[in-house]
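Participant: What follows is a structure written as structure tokens; I'll ask about it next.
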Amino acid sequence: MRGILVLARKEVKATFRDNIFLIITGLFVLLSIISVYIGSSTKNAEMQAYQDIMQLLKSQGATSLPSPPEIYHLSVLSNIISYVSMIGAVVAIFMGFETFSGERNNGTLKLIAVRPVYRDQIVTGKLLGGGMVIGILLGIILIFNMALFVVVSGMTPNTNEMIRLLLFFIIAFVYMMLFYTATMYVSHKTNDSAFGFMLMMIVWLAISFVLPQLADSQRSFAYALSSTAQTVTQLPSDTVISKTIELFSPAAQFQNIGKGLLQVIPETANLGVISLIQKQLGAVAEILLPGLAVLLLAYKAVQKEDVR
Amino acid sequence: MLKIENLIKKYGDFTAVDNLNLEVKEGSIFGFLGHNGAGKTTTISMLTTLILPTSGNATINEFDIVKDNLKVRNLLGYLPENVTLYGDLTAVENLRFFGKLSGIKDVDSSIDETLKLLDFTAWKNRKVKTYSKGMRQRIGIAQAILHNPKILFLDEPTSGLDPQGTKELRDILLMLIKERGTTIFMNTHLLSEVTKLCTDIGIISKGKLLLADSIKNIERDFPEEKSLEEIYFKIEGGIR
């Protein structure tokens, strides 16, 4: 355990001394803050517009007044879903791409491996260190966003909203750890850090953009032709093909879970947290399972292979 | 101190180390000689538990390098060729990391003692990336001896050093023998270094050990050769 903690602390220290990491992280935090500001302003404008219309209708003597728009507080934070899905994944890749190959290239992996620590402890230490950095990062974003949310919108989240928000950040943590673990595995398998980084960026592009786009195309253009009635009927937006494609995109799954948790989808916005989680269990598993699979591969690779 | 029996390392069909048998006595400086690709680094990598032997065994202080690898790691210090350490961390931060990983309880006093021994205290709070090659090599030695190992493995320690840096390193190693009684196993292809520093040598070529003995005995057994260089080329040339 001692060795794991020593390794984890070193990972945290080295990551926070990396200027490029600090720049990407700064950008990440800034964008998330901007997104809360924009989200809050939009909702405020929506409410203002409603109040203006009400005032106008009342001044014209209208008796039947429209009901106020249903505003879900957490939807103010909805842009964070995209930022975590895209920039969060890049941050995790950046953190992980030199975990092993960088150490191998500067000779420090050998210096660690000749110490009295087991090989799997090296992976656990790096994983814990990465997890701590991602946790700190998401914690900072959570605190900043909560504070800004309260200040800009003037609303205080209730318990249900707080739990939803917390769950969102836990899912975001798992999602970022998936990329970190996968990158760590790639970094172990290659000596070329740049190659590892590029490979993971291609994977990121595929699962964050290409697959969701493909799934979308299947949703939007799925039509049924009735030859007897000579009509074309548009099928419901989700198809077997689009859902199957999404299975291979943790980014799409993360976005689905995020939209549910942050009340972007009106149908699930009033659901209790447990019912919502039950509804999203499949999507959570689709993020967790690839992460666990890559983690097992990483442990196996480290134990089996020579340190050269 | 170190006993190697029938040690073999194969990569597919290629045999990097072929049936190596060797003993290194406690308190000696053993120079492991051979040209590039002879199998020196592979041997040191097996002895430091970085890679697994294909067959055979080796023990350090009676501990098997495979079965008792954690105990073996407690006994050894290692300086690989061209190590750069963590450039963004200072010397003290690097040493604290490796010291804690080695399980040293009072790591800060060990660091102070080691840096004093290596006359490096003045630069201890500078980031390692600002160091010269010689300074980095010295801090590399510091991480290797921080936990006071019984045996120190050095892989081409003078590689890339200028004559001044080479002399300083030699002085440090001699001091280590004198002050701490550390056994040193050193890979090198610089015969001049071996002559000035080592008590015993082994010559390896194409994975096979051609000769291993004390320098005194070797010089006695090769009376016609004027220098270790001539002896080396005679032995090593014999199998080319």
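The values are calculated or read from the model by the stated rules, or taken from the named source; none is laboratory data. Bear in mind the structure is a predicted one, so any value in this text is a computation, not a measurement. Glycine gets a Cβ as well: all are built from the backbone with ideal geometry, and neighbour counts include every protein chain shown. What goes into the accessible areas is simple: the full protein's heavy atoms, side chains included, and nothing from ligands, DNA or RNA. Shrake-Rupley method; radii C 1.70, N 1.55, O 1.52, S 1.80 Å.
Participant: In terms of the Cα gyration tensor, with a ≥ b ≥ c the square roots of its eigenvalues, is the protein assembly as shown rounded because a/c is under 1.5, prolate because a/b exceeds b/c, or oblate?
Facilitator: Verdict is prolate for the protein assembly as shown.
Participant: Name the residue farthest towards the positive end of the dipole of segment A:14-149 from the options A:Phe144, A:Ile93, A:Ile24, assuming +1 on Cβ of Lys and Arg, -1 on Cβ of Asp and Glu, about the Cα centre.
Facilitator: Result: A:Ile93, furthest along the dipole toward the positive end.
Participant: Moving on. Net charge near B:Val128: determine it from the other residues with C-beta under 9 Å of the C-beta of B:Val128, scoring Lys and Arg +1 and Asp and Glu -1.
Facilitator: Summing Lys/Arg as +1 and Asp/Glu as -1 gives +2.
Participant: Using only atoms on other chains, find how many Cβ atoms lie within 10 Å of each Cβ of peptide A:102-114 and report the average.
Facilitator: Per-residue shielding by partner chains comes out at 6.
Participant: Mind checking which of A:Val76, A:Leu165, A:Asn105 is farthest towards the positive end of chain A's charge dipole, using Cβ charges of +1 (Lys, Arg) and -1 (Asp, Glu) about the Cα centre?
Facilitator: Toward the positive end, the furthest listed residue is A:Asn105.
Participant: Considering lysine pairs in chain A that are 8 or more places apart or on different chains, how many have Cα atoms under 18 Å apart?
Facilitator: 15
Participant: Mind checking which helices in chain A clear 24 Å along their axis (Cα) and have mean Kyte-Doolittle hydropathy of 0.5 or more, DSSP H runs only?
Facilitator: Flagged H segments are A:19-59, A:119-153, A:159-189, A:273-304.
Participant: Still on this structure, I have one more. May I ask you to give the solvent-accessible area per residue for segment B:57-104, in square angstrom, as obtained with a 1.4 angstrom probe?
Facilitator: Averaged over the residues of segment B:57-104, the accessible area is 34 Å².
Participant: Let me ask you something else. When the accessible area of segment A:58-150 is computed with all protein chains present and a 1.4 Å probe, what percentage of it is carbon and sulfur?
Facilitator: Roughly 61 percent of what the probe reaches on segment A:58-150 is carbon or sulfur.
Participant: What whole-number distance in Å separates the alpha-carbon centres of segment B:76-100 and segment A:64-138?
Facilitator: 26 Å
Participant: Does segment A:1-83 come out rounded, prolate or oblate by the C-alpha gyration tensor, with a ≥ b ≥ c the root eigenvalues, rounded set by a/c under 1.5 and, if not, prolate when a/b is larger than b/c and oblate if not?
Facilitator: prolate
Participant: Let me ask something additional. Can you give the angle from 0 to 90° between the axis of helix B:133-145 and the longest principal axis of chain B, with both taken from C-alpha atoms, to the nearest 10?
Facilitator: The angle comes out near 90 degrees.
Participant: Around B:Leu161, with a cut-off of 15 angstrom between Cβ atoms, what is the net charge of the other residues, counting Lys and Arg +1 and Asp and Glu -1?
Facilitator: Net local charge, B:Leu161 excluded: -1.
Participant: Another question, if that's okay. Could you work out what % of the accessible surface of chain B is carbon and sulfur, using a 1.4 angstrom probe and leaving DNA, RNA and ligands out of the count?
Facilitator: Solvent-exposed carbon and sulfur of chain B make up 48 percent of the total.
Participant: Next question. Rounding to the nearest 20 debye, state how big the charge dipole of the protein assembly as shown is about its Cα centre with +1 on each Lys and Arg Cβ and -1 on each Asp and Glu Cβ.
Facilitator: The calculated dipole for the protein assembly as shown is roughly 500 debye.
Participant: Would you please put B:190-203, B:100-113 in order of how densely packed they are, using the mean number of other Cβ atoms within 10 angstrom per residue and starting with the highest?
Facilitator: Peptide ranking by packing, descending: B:190-203, B:100-113.
Participant: If you take every residue apart from A:Thr239 with its C-beta less than 15 Å away from the C-beta of A:Thr239, what net charge results, scoring Lys and Arg +1 and Asp and Glu -1?
Facilitator: -1
Participant: Could you tell me whether segment B:71-120 comes out rounded, prolate or oblate from its Cα gyration tensor? Rule is a ≥ b ≥ c as square roots of the eigenvalues, rounded for a/c under 1.5, then prolate if a/b exceeds b/c, otherwise oblate.
Facilitator: rounded
Participant: Follow-up question, since we're still on this one. Work out the mean other chain Cβ neighbour count within 10 Å for the residues of B:93-99 and drop it here as an integer.
Facilitator: Average per residue, whole number: 4.
Participant: Let's see if you can work this out: charge +1 on each Lys and Arg Cβ, -1 on each Asp and Glu Cβ, no other charges. What is the dipole magnitude of chain A about its Cα centre, in debye to the nearest 20?
Facilitator: Dipole magnitude for chain A comes out near 1020 debye.
Participant: Another one. Go through A:281-291, A:87-97, A:125-135 and give me the packing order, highest mean Cβ count within 10 Å leading.
Facilitator: Taking the mean over residues of other Cβ atoms within 10 Å, the ranking is A:87-97, A:125-135, A:281-291.
Participant: Total accessible area buried between chains B and A, 1.4 Å probe, in Å² to the nearest 100?
Facilitator: Approximately 2700 Å² gets buried when B meets A.
Participant: While we're on this one: If you roll a 1.4 Å probe over the heavy atoms of the protein chains, what accessible area per residue do you get for chain A, in Å²?
Facilitator: Value for chain A: 49 Å² per residue.
Participant: Then there's this: Where the centroid of each part is defined by its Cα atoms, how far is segment B:20-63 from segment A:162-183 in Å?
Facilitator: 46 Å
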